[in-house]
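Data first, discussion second: the structure below is written as structure tokens.
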Amino acid sequence: MFLTGRLVIVAALGVVPLVLLDVLGVSPWFVLLGWLALCAVLVGVDVVAAAPLGALRIVREVPNRARQHEPVTATLIVQNLGERRLRGQLRDAWQPTAGAGNRGRATLDLPAGERRRVPITLLPRRRGELASEFVAVRSTGPLGLAGRQGRHRVRGTIRILPPFTSRRHLPSRLARLRELDGNTSVQVRGQGTEFDSLREYVRGDDVRSIDWRATARAGTTMLRTWRPERDRHVVILIDTGRTAAARVGDGTRLDAAFESALLLSALAQRAGDHVHLLLFDRAVRGRVSGVEGPALLPALSDTMAPVHARLVDTDWGAAFAAIRSVTTRPSLIVVLTAQDAVESARSFLGAFPHASRATTILVGSSTDLSIDDLARARDSREDVYLAAAAERTLADAARVADAIRRAGGEPLAADPEDLPPRIADRYLELKAAGRL
């Protein structure tokens, strides 16, 4: 059972006769005891008269997946199988990071034999599995002083996927991809382009692309057209070690890596390439390989959703060995990590694979813009010390980037908002240059 605030008001009304009796010189104790006994009787009557909770039947309708920071509705279907009208409240016990509106509470007015759909709006703030183990229901008596309270174990779960806010950059990159795949690609023949079709020669075309055999058969000058190669392999390795847990902007480095991986994967899938994903620290935390077409992005998001950064140092030797287990063909390897400190980069550089003419290795890192602001501040003595520390951080990051270049890789550092489109742009540049 439970008591309402109305009972407090009713009990407080008993103070009035007590004060009057005290003024008249009459002992008020018997009145006090009688009033409390009356309140107890009213509470008992209210509890007995309240609709029983055992006659309720609750069913959930919950979507399997939702995006982080996007509203989603979880519906409760409440049916009253009893013979009394139920008035009261229910509370859906979602965890706080689910962002349930009004804390998951809703008012119930359910006649006997009827059912109601109760929508609960969620605004999830965290990736992974969100769960509600039970629904708490209160049935208030007709006097509104007390009622019955109970739980119904109706489990519901939602997998919260990464928000993929970088998808706003996808239309412009797809337009550039169509240009590479269309008219502009026929004018430039790169080392990695492949034959597309034949067409008649027009003034201004590259004479090196004339197909003399087709010209002899057709009786007019025929030209080979080229397009960027398809069926290439793009391997994305995301570091889920301790450096991925650092806060950068409004999220973590791991969140920025997920955004970059999703944008690049969406672009590569439209370009006809094969995408492989590895989430790694000391073991494989997630893997997507062999998924093609429209099923790729849902598979990537579903794999990323439950993965969070672990406070361990990444085993880079095992990480690069895991890449070799995915594919041994020439490919683009994108490593999303945080290599901005010389000490933590030693194991990374020691295990760094040898890049070849057919394999390009990009190392993407998300940086904090506040470091640049600290490096420019000179207003006080404290600002000078902070600026010196910021300059040291920037110098270390530059040294690591230079070491990656010497090892044959291409470092690419940007803030969390700019890193996804910059990696996508570099992918398009490699396509246009025929290196992928």
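Against the list (1) open to solvent by less than 70 Å² (accessible area, probe 1.4 Å); (2) part of a helix (DSSP H, G or I); (3) under 20 Å from VAL284 (Cα atoms), the condition VAL335 fails is (2).
Kindly indicate whether ARG213 is at pLDDT below 90 and either at positive phi or more than 37 Å from the chain's Cα centre (by Cα) (or both). So ARG213 fits the description; yes. Restrict the check to segment 103-122 and report whether at least one residue is part of a helix (DSSP H, G or I) and either within 25 Å of ASP255 (Cα to Cα) or not hydroxyl-bearing (Ser, Thr, Tyr) (or both). There is at least one residue in segment 103-122 that is part of a helix (DSSP H, G or I) and either within 25 Å of ASP255 (Cα to Cα) or not hydroxyl-bearing (Ser, Thr, Tyr) (or both). Summed over segment 377-400, the residues that are part of a helix (DSSP H, G or I), touching a helix residue (DSSP H, G or I) at 6+ places or on another chain (Cβ under 7 Å) and basic (Lys, Arg) give a count of 1. Can you pull out every residue in segment 229-256 that is under 30 Å from ALA433 (Cβ atoms) and either open to solvent by 10 Å² or more (accessible area, probe 1.4 Å) or part of a strand (DSSP E or B) (or both)? Answer for segment 229-256, where residues must be under 30 Å from ALA433 (Cβ atoms) and either open to solvent by 10 Å² or more (accessible area, probe 1.4 Å) or part of a strand (DSSP E or B) (or both): GLU229, ARG230, ASP231, ARG232, HIS233, VAL234, VAL235, ILE236, LEU237, ILE238, ASP239, ARG253.
On the basis of being surrounded by 12 or more Cβ atoms within 10 Å (Cβ to Cβ) and not in a helix (DSSP H, G or I), does VAL45 make the cut?
no
Scanning segment 62-115 for residues being in contact with a helix residue (DSSP H, G or I) (Cβ under 6 Å, 6 or more places away or on another chain) and open to solvent by 60 Å² or more (accessible area, probe 1.4 Å) gives a total of 2. Taking every residue in segment 371-389 that is without any contact (Cβ under 8 Å) to a residue 40 or more places away in the chain and pairing it with any residue that is open to solvent by 50 Å² or more (accessible area, probe 1.4 Å) and among the hydroxyl-bearing types (Ser, Thr, Tyr), at least 6 positions away or on another chain, the pairs with Cβ-Cβ distances below 7 Å are ILE371/THR393.
Quick one: count up the residues across segment 401-428 that are more than 29 Å from the chain's Cα centre (by Cα) and assigned to a helix (DSSP H, G or I).
Within segment 401-428, residues that are more than 29 Å from the chain's Cα centre (by Cα) and assigned to a helix (DSSP H, G or I) number 5.
Within segment 167-178, residues that are touching a residue at least 12 places away in the same chain (Cβ under 8 Å) sit with their Cβ atoms under 9 Å from residues that are open to solvent by less than 60 Å² (accessible area, probe 1.4 Å) and among the hydroxyl-bearing types (Ser, Thr, Tyr), at 6+ positions apart or across chains, in these pairs: ARG173/TYR427.
The values are calculated or read from the model by the stated rules, or taken from the named source; none is laboratory data. Source: prediction; values computed, not measured. Note that each Cβ is placed from the backbone with ideal geometry, even for glycine, and that neighbours are counted across all protein chains shown. When the accessible area is computed, the model is the full protein with side chains, heavy atoms only, and any ligands, DNA or RNA have been set aside. Shrake-Rupley method; radii C 1.70, N 1.55, O 1.52, S 1.80 Å.
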